[in-house]
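Here is the structure we will look at.
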Amino acid sequence: MKRAALYCRVSTTDQRIESQLYQLREMAAARGFEIVQEYIDHGFSGAKARRPGLDSLMADARRRKFNVVLVAAFDRVARSTRHFLQLLDELDDLSIEFISAREAIDTTGAMGRLFVTLIGGIAELERSLIAERIRQGMHRAKLEGQRLGRVPLDIDHASLVRDRLSGMSLTKCSKKYGVSRASVIRFVRDFQRRETALVPMAQEQPADCVA
């Protein structure tokens, strides 16, 4: 019986990993594989070079902990075609098979490896085209005068700082003004820095300029 490793990844923390796990568990059962480990990267973009789950999988692969890797789709694994092929080369050197559920291909044969390479190139091209369209859209929006990025918070900074410095707790202050605790700290710190910068200027002002 082949020993299988499952690898799943979602890009954001609000996405659920269970659908990938169920699919891969069913595939492993249908093929008679024994699942020895499930590796998960939750909230990691496919473009990130380092991912804890994937790093752990490759470390265990070098220890010969399993002899087949199952993924829901090969774009769940690699950040680029080059990285993907490097990963496949290493798995192949370790005599570990790679099987992707979505593409219904594996690397046990030459045709499977060919399809993996071709589809990987298409996926990378598609991601590059999407990124280019996003850049063009942002550039067009900027030329049209549209605001890009997060909308500034409409809060009374002076009142927030006054409440905080008068003794209001950090938690209560953040709830009252609808901002994070970190934002409260930042607003107060910025105010104190401005006040500190104004003191030397007032001290340097000539006496005859003081009303």
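The values are calculated or read from the model by the stated rules, or taken from the named source; none is laboratory data. Predicted, not measured: the structure shown is a model, and the values here were computed from it. Glycine gets a Cβ as well: all are built from the backbone with ideal geometry, and neighbour counts include every protein chain shown.
Taking the stated definitions as given, is Leu21 surrounded by 12 or more Cβ atoms within 10 Å (Cβ to Cβ), more than 18 Å from Phe84 (Cβ to Cβ) and aliphatic (A, V, I, L, M)? Spell out how you get there, then give the answer.
Working: surrounded by 12 or more Cβ atoms within 10 Å (Cβ to Cβ): yes; more than 18 Å from Phe84 (Cβ to Cβ): yes; aliphatic (A, V, I, L, M): yes.
In short, yes.
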Check the range 103-111 and report whether any residue there is part of a strand (DSSP E or B), modelled with pLDDT under 90, of a type in the set (D, E, K, R) and on the phi < 0 side of the Ramachandran plot. yes
Might you let me know whether the range 131-144 holds any residue that is at positive phi, among the hydrophobic types (A, V, I, L, M, F, W, C) and modelled with pLDDT under 80? no
